[in-house]
Amino acid sequence: MIKTDILIIGAGPTGLFAVFEAGLLKLKCHLIDALPQPGGQCSELYPKKPIYDIPGFPEILADDLTKNLLEQCKQFEPGFTLGERADTLEKQEDGTFIVTTNKGTKHHAPIVAIAGGLGSFEPRKPLIHNLVSFEDKGVEYIIKEPEFYRDKKVVIAGGGDSALDWSIYLSNIASEVTLIHRRNEFRGALDSVDKVQELKDAGKINLITPAEVVGLVGHHELKAVVVSQSAHINKEYEVECDHFIPLFGLSPKLGPLGNWGLEIEKNAIKVNNALDYQTNIPGVFAIGDVNTYPGKLKLILCGFHEATLMCQAAYQIINPGKRYVLKYTTVSGVDGFDGSRKEAPKAVVKKIE
Amino acid sequence: MEQDVKVTIIDREGVSHTIEAPTDMAMNLMEIVRLYELAPEGTIGICGGMAMCASCQCYVLSDTELPEMQEDEDAMLAEAFYVKNNSRLGCQIQMTPEMEGLKVELAPES
């Protein structure tokens, strides 16, 4: 059981900034995220795109914002449960909560802050009629352990960065890699496209374009995919394989959060914005894009503000009746849980003669 | 002030809405759908309008002359589902006076 003060669901910008604000109040945080890396939409959807409305940053790449937020909160030593989706919330008799992920990891905390953005990112599944019956029997949507594919015949479908990058990576591990895309053109980083071209020419990647996987063949286990290729004439044929990995990106879904007994409106969690962004369940907060209230704006900068106020309320719940006055980091410095200390340099007092 | 244009949007339930879209606020079709709440929040415009998610895919039903498709929109549609010959991404269709009479149907959620 992982124990912490504030359990944050979602490791996007709002969740990461909450770690810093909580740390100033000496509260420890642990984050759960369905994605294998922190950053949320900033790392999954648009890492290389600039953002222009972060106060104090005329322009910053989404990836750099994530890096900065991680750097800013690192002395407060946040814990991470990555690549797992928060599935259930159980209130205990003493008012604390246990949150369990889809992999069974349990987390115990007096405060839960949902910073889940648009929800957890789920793979987009192509429309193949018998796709679902082969899940985990040869069909995988996410590559967790590349070694799993050693000396196997793998078919990858998709035309973006992940399809290109994994084709390149697995070409050294799998016995055979086939990349299938509906177009001849690929939408990826230029060097990935060049590398795939190189590997295709060297016979290490079998490229089938413009084509589509339209069916799966096998009995209990995947044996082949049915490929429909539309060069000059349409033809359909089977490509033998052990694994089929469709990589068509991820799309966020509110998912299990919707069953936690929270008041939901327009796919978002209703909160009390007059006070502290608490939900209808005392001790459970919702901050950032995942919440809604009159006048709500889904902006990163609004998430930062909401995270800050949430932490103050969390402090009051964890330390009932304990008084506290707001301190400025410039005045009091930042004391990390790792023993580090950041502080403003002392003024020099010296006589001028 | 520039004039509003009338556009018709058939939502995912098949209901047709003819609405006024402003042409002076640099809005695109995806944003018009959100403005009038013709699709639930969180099911459209997920990437914010970067032609990176196809959640605003629609089928163009009128013969309105649309802005030419750019590379990124074309590439995104090559990876999207339920794509037809008349598919476009709503976020790439700016509301200009030329859009008067535009009629589209929202593609299914995927």
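Classify the range A:132-248: rounded, prolate or oblate, from the alpha-carbon gyration tensor (a ≥ b ≥ c, eigenvalue square roots; a/c under 1.5 rounded; otherwise prolate if a/b is larger than b/c)?
Oblate shape, in that a/c is at least 1.5 and b/c is the bigger or equal ratio.
Which whole-number percent gives the relative contact order of the range A:132-248, counting Cα pairs below 8 Å spaced six or more residues apart? Please report the intermediate quantities before stating the final value.
Numbers: 240 pairs, mean separation 37.8, N = 117.
Result for the range A:132-248 is 32 percent.
Per-residue mean of other chain beta-carbon atoms within 10 angstrom of the beta-carbon, peptide B:78-85?
5
Take the alpha carbon gyration tensor of the range B:5-106, find the square roots of its eigenvalues, order them as a ≥ b ≥ c, and report rounded if a/c is under 1.5; if not, report prolate when a/b exceeds b/c, else oblate.
rounded
Each label point is 7 Å from the Cα along the Cα-to-Cβ direction; what then is the distance between the points at A:Glu90 and B:Leu61, in nm?
Placing both labels 7 Å beyond Cα along the Cβ direction yields 5.0 nm.
Which whole-number percentage describes the relative contact order of chain B, with Cα contacts under 8 Å and a sequence gap of 6 or more? All intermediate terms of the calculation are to be shown ahead of the outcome.
Working: 203 pairs, mean separation 43.0, N = 110.
Relative contact order for chain B comes out at 39 percent.
Can you list which of the trypsin sites (Lys or Arg not before Pro) found in the range A:214-287 are DSSP loop residues with at most 14 other C-beta atoms within 10 Å?
Within the range A:214-287, the qualifying trypsin sites (Lys or Arg not before Pro) (loop, at most 14 other Cβ atoms within 10 Å) are A:Lys266.
Within the range A:131-157, whose backbone N sits under 20 Å from a point 7 Å along Cα→Cβ of A:Glu238?
Residues passing the 20 Å test: A:131-140, A:152-157.
Tell me the GluC sites (Glu not before Pro) within the range B:1-61 that lie in a loop according to DSSP and have at most 12 other beta-carbon atoms within 10 Å.
B:Glu2, B:Glu13, B:Glu37
The range A:134-231: which chymotrypsin sites (Phe, Trp or Tyr not before Pro) are DSSP loop and have at most 13 other beta-carbon atoms within 10 angstrom?
none
So if we plug the beta-carbon distance of B:Phe81 and A:Asn184 into 1/(1 + (r/R0)^6) with R0 = 22 Å, what FRET efficiency do we get, rounded to 0.05?
0.65
If the limit is 22 Å between Cα atoms, which of A:Lys49/B:Lys103; A:Lys270/A:Lys296; A:Lys266/A:Lys298 go over it? Walk me through the intermediate numbers first.
Values: A:Lys49/B:Lys103 32 Å; A:Lys270/A:Lys296 10 Å; A:Lys266/A:Lys298 13 Å.
Over 22 Å Cα-Cα: A:Lys49/B:Lys103.
Normalising by the residue count of chain A, find the relative contact order in percent from Cα pairs under 8 Å and 6+ residues apart.
Computed value for chain A: 19 percent relative contact order.
What is the local net charge at A:Ala231, summed over the other residues whose Cβ is closer than 13 Å to its Cβ (Lys, Arg +1; Asp, Glu -1)?
+1
Looking only at other chains, what is the average number of their beta-carbon atoms within 10 angstrom of each beta-carbon in A:239-245?
Mean partner-chain Cβ count within 10 Å for A:239-245: 0.
Quick one: how many lysine pairs does the range A:91-165 have with C-alpha atoms less than 30 Å apart and a gap of 8 or more or different chains? Give me the count, please.
For the range A:91-165, the number of qualifying lysine pairs is 18.
Based on the Cα gyration tensor of the protein assembly as shown, what are the three equivalent ellipsoid semi-axes, each the root of five times an eigenvalue, rounded to whole Å and given largest first?
Each semi-axis is the square root of five times an eigenvalue, giving 41, 30, 23 Å.
Go through the protein assembly as shown and flag any cysteine with no other cysteine's C-beta closer than 4.7 Å, please.
Cys with no partner Cβ under 4.7 Å: A:Cys29, A:Cys42, A:Cys73, A:Cys241, A:Cys302, A:Cys311, B:Cys56, B:Cys58, B:Cys91.
Over the whole of B:46-53, what's the average partner chain Cβ count within 10 Å per residue? Rounded to a whole number, please.
4
Under 19 Å Cα to Cα from A:Lys74, which lysines show up? Leave out anything in the same chain fewer than 8 places away.
Partners within reach: A:Lys3, A:Lys26, A:Lys28, A:Lys342.
Every read-out reported here was derived from the displayed coordinates using simple, explicitly stated rules and does not represent laboratory data. Being a predicted model, the structure only gives us computed values, none of them experimental. Positions of Cβ are backbone-derived with ideal geometry, glycine not excepted, and every protein chain shown enters the neighbour counts.
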